[in-house]
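Single-structure report; data block below.
Values quoted throughout were computed directly from the atomic coordinates according to the rules given, and no laboratory measurement underlies them. Keep in mind it's a predicted model, so treat the numbers as computed, not measured. Cβ: placed from backbone, ideal geometry, glycine included. Neighbour counts: every protein chain shown.
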């Protein structure tokens, strides 16, 4: 049987990016060997703050074109606090990639893994399993580098369009439907500030229109401040939260804090036919090179990549590989084989990767559902 070869652009980036990417590649190579049915071909591309510091360009057009032509992009972390553009902003090629490739849907699962402690003492926290879906091409980020700035005044603009909102909401309802098929709640809640901002009132109106096309899924609307409160007070009640760019950026970090920290927060940035997969955390230069970064979010992001490739390319082996990686991650934490440094343990980046790769081998002989 011919195995499909998938072209993966690897952009490791800055700080701990290369370390967590190396860990994810270790697991990907193991699951590819263990299952078969597909091949992953990795092309390593240079971009980020270090590239900017050395060349004056954070991401060359050649690098962008190569990444854009790949089947998927595996992304570590980019940016360093001390490396900034002339206007004071940090280097952020990931935002450029979202805009230029139309990666409008930021899918951010918030799920508490077995064996990982929550910041919440309530035993119901074990049931935290939700997704924050963030619009990534508009919102307040649309003003990035475009607003007028003077010595006395600075402005950024918030942009919401019907077309971008409709495509985002359709993804939200499809995601809730898929989760419902696996025992989820089948509910989408819009998070906005429609009581204050006209752009958010428009956002809500489009959402309610779109909800009528998905009568099998419950729909509700919530203000962002109340949502932040309830994410801490009762996060187990939520299913899919869909929101504007900046609000989603903030709430997803809050959600990560509930399930162990940023080292447990994977992300998929999806467009119509493009996908970029990265951990939600930043480059963490304070721990770079020390071998203590938790690569779990990066490994789970790689699993999301496999699942997306399986869906979009029609390769069931990729989806099986995604389930296997997720099951391996759950096993090592549930059994207490590893405890990341960020949780007070001693398991470093390489040890976590090796433990998960070993669990992939152990589970690979059995069907994973």
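Whole number please: convex hull volume per residue of the Cα set in the range 1-159, in Å³? Walk me through the intermediate numbers first.
On the way: hull volume 29.6 nm³, N = 159.
With only Cα atoms used, the range 1-159 gives 186 Å³ per residue.
Relative protection proxy for 104-115, 257-268, from highest mean packing down: 257-268, 104-115 (other beta-carbon atoms within 10 angstrom).
Size descriptors for the range 264-318: radius of gyration and Dmax over Cα atoms are 13.3, 41 Å.
Descending by average beta-carbon neighbour count within 10 Å, the peptides 319-330, 185-196 line up as 319-330, 185-196, the highest first. Take every Cα pair under 8 Å whose residues are at least 6 apart in sequence, average their separation, divide by the length of the chain, and the relative contact order is 23 percent. The shape of the chain comes out rounded: with a ≥ b ≥ c from the C-alpha gyration tensor, a/c is under 1.5.
Nearest 5 percent is fine: what portion of the DSSP beta bridges confined to the chain is antiparallel?
Working: 18 of 47 bridges.
The antiparallel proportion sits near 40 percent.
Relative contact order of the range 118-259, taken over Cα pairs closer than 8 Å and 6 or more residues apart, is 38 percent. Peptides 349-356, 41-48 ranked from most to least packed, by the mean per-residue count of other Cβ atoms within 10 Å: 349-356, 41-48.
When the alpha-carbon atoms of the range 198-254 are used, the pair Rg, Dmax equals 12.1, 31 angstrom.
Taking the fewest neighbouring Cβ atoms within 10 Å as the starting point, the ordered list for 227, 150, 283, 69 is 150, 69, 227, 283.
The convex hull around the C-alpha trace of the range 180-229, projected and averaged over every direction, spans 4.0 square nanometres.
At 222 nm, what value in deg cm²/dmol follows for the chain if DSSP H runs of at least 4 each add -39500 (n - 2.57) and the sum is divided by all its residues, to the nearest 500? Could the numbers behind the result be given before it?
On the way: 11 runs with 153 residues, N = 369.
Rounded to the nearest 500, it is -13500 deg cm²/dmol.
Kirkwood radius, the range 118-259, all distinct C-alpha pairs, inverse of mean reciprocal distance: 15.9 Å.
The share of Cα pairs per 10 Å bin across the range 277-369, counted from zero up to the longest distance, runs 17, 44, 30, 9, 0 percent.
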